[in-house]
Amino acid sequence: MSEKYDYTAFGVLIEHFSFENEQFSSQMATLILRGLNKASYDEARPYLEAMTYFLNIRDDLQIKRIEWIIGYPQPLIQPARQGGVSFGMFGNNSIDEVVYVYGPTLIVEGCNSVLDIILTNRRRLENMCAVCLRQLLLLCDLNPTVFEYVASLPAPSYNYAKFTDWIRAFLEGYIADAKKYYYGGGFPKEETGNETLKFFNAFEEKLNKKIQKNEEIITGFRGGKKAEAVEKSEVIENGVSQNNEKAAPVLKSVLPIFVIGETKSEEKLQEIQLLQTNPGVTLVENQVYAYIRESKPTGTTNLAFPPSIVRENYLATHQVRPDSGLAHFIRPMQSGSDNQPKENKLEGKYLFNSGFSLKSVFCTSL
């Protein structure tokens, strides 16, 4: 694929041989992932063109191909206080720390998904990020299934509401940088940035309509009662309420979003032996109960947390009382057996629906 060829003709071949053919589709996905993970920004075009044709095939395997190539969101695991694991905010040192990764569901050694390539390079190899982002947004414009998939992706960190919230600021900075400095090598940086921004504007227009429609459905579900304005919201500081009059606008998402805190408990629901070979494969389903709170991201911070403990996105963990409900979301700097939060002091909004359950499925090879 690194050699010169007719993209359209090759795309027709991809569509023909991949249609309803899982084995060939798996081989094609492996080829694309390996190529993208090895290519530089000026070598990525053949693989991105192949990806566009590949993911635009409309058959029963389309979602599987999307998860193979684009990536599937998985929460990062943090160590819990008393063994086990926690998901989400607990254990992080800043609001913008990554809480989700988007690995491919097709295991290809040493290969990241398109989403992970984009996120990894947004602060490193910006040209690679831009060319991959352009192709992904083009796919969203061409294919409703890809659009719905990307629109529903969770945000990589808690300062955002959805995956795409960081893109506009990145593209505007990328274009401004291209205008300010001269770049040799023949790469049309400004043109690439402007074209990607055009696709993103189209994506955002469709996404905003989808969010508005969902808000109307949720409002109707609540009996016509709308959520309170952000400017009148309150934050809780270690159990003390403070009015936040100058709050920044909260970013919106397709569905309500939550900050996930420390794991409260975990129980095994079932264990199923899938393969009785040696080694075998066993599927274990666990139900995890975690502390949660409604997320209020602004793009730079999250109003779900008191401003006194957030310093330019960094968390002042030394100001979190170990006996407060907040300690179930932000681990105090000094942890130990004497610093465990006491159940009788978890009053106020930072208890955050302690009965909320998250289901996670783990596959274990024996």
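The values are calculated or read from the model by the stated rules, or taken from the named source; none is laboratory data. Please read all numbers here as calculations on a predicted model, not as lab measurements. In this analysis, Cβ positions are derived from the backbone assuming ideal geometry, glycine residues included, and neighbour counts consider all displayed protein chains.
Here are a few things to note about the model shown:
- Sole exception among (1) closer than 27 Å to E191 by Cβ; (2) touching a strand residue (DSSP E or B) at 6+ places or on another chain (Cβ under 9 Å); (3) without any contact (Cβ under 8 Å) to a residue 12 or more places away in the chain for I77, by number: (1)
- Those residues of the range 283-324 which are hydroxyl-bearing (S, T, Y), closer than 30 Å to E271 by Cα and surrounded by 18 or more Cβ atoms within 10 Å (Cβ to Cβ), in sequence order: Y291
- Candidates G355, G336, filtered to the one that is at pLDDT below 85 and on the phi > 0 side of the Ramachandran plot: G336
Quick grid of which residues meet (1) modelled with pLDDT of 50 or more; (2) of a type outside the set (K, R); (3) outside any strand (DSSP E or B); (4) over 19 Å from V98 (Cα atoms):
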site: N286; (1), (2), (3), (4): yes, yes, no, yes
site: R293; (1), (2), (3), (4): yes, no, no, no
site: S308; (1), (2), (3), (4): yes, yes, yes, yes
site: P322; (1), (2), (3), (4): yes, yes, yes, yes
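- When L283, L269, L315 are screened for being closer than 29 Å to I211 by Cβ and of a type in the set (A, V, I, L, M, F, W, C), only L315 passes.
- Residue among L171, L115, L133, L142 that alone is out of contact with any Cys (no Cβ under 7 Å at 6 or more places or on another chain) and surrounded by fewer than 21 Cβ atoms within 10 Å (Cβ to Cβ): L142
- Q27 meets all of the listed conditions (1) in contact with a strand residue (DSSP E or B) (Cβ under 6 Å, 6 or more places away or on another chain); (2) outside any loop (DSSP other than H, G, I, E, B); (3) modelled with pLDDT of 90 or more but one, namely (1).
- If you go through the range 56-70 and keep only what is within 21 Å of the chain's Cα centre (by Cα) and farther than 19 Å from M128 by Cβ, you end up with Q62, I63, K64, R65, I66, E67, W68.
Each row is one residue, and each column tells you yes or no for (1) modelled with pLDDT under 85; (2) within 24 Å of T145 (Cβ to Cβ).
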| position | (1), (2) |
| --- | --- |
| K180 | yes, no |
| N194 | no, no |
| K198 | no, yes |
| K206 | no, yes |
| N214 | yes, yes |
| E228 | yes, no |
| Q242 | yes, no |
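- N143 being more than 26 Å from Q62 (Cβ to Cβ) and touching a residue at least 60 places away in the same chain (Cβ under 8 Å): no
- Cβ-Cβ distances below 9 Å connect the following pairs, each with a first residue in the range 302-321 that is at positive phi, a second residue that is assigned to a strand (DSSP E or B) and surrounded by fewer than 17 Cβ atoms within 10 Å (Cβ to Cβ), and a separation of six or more residues or different chains: E312/S94; N313/S94.
- Residue check, I14 out of contact with any Gly (no Cβ under 9 Å at 6 or more places or on another chain), at pLDDT below 90, hydrophobic (A, V, I, L, M, F, W, C) and buried (at least 19 other Cβ atoms within 10 Å of the Cβ): yes
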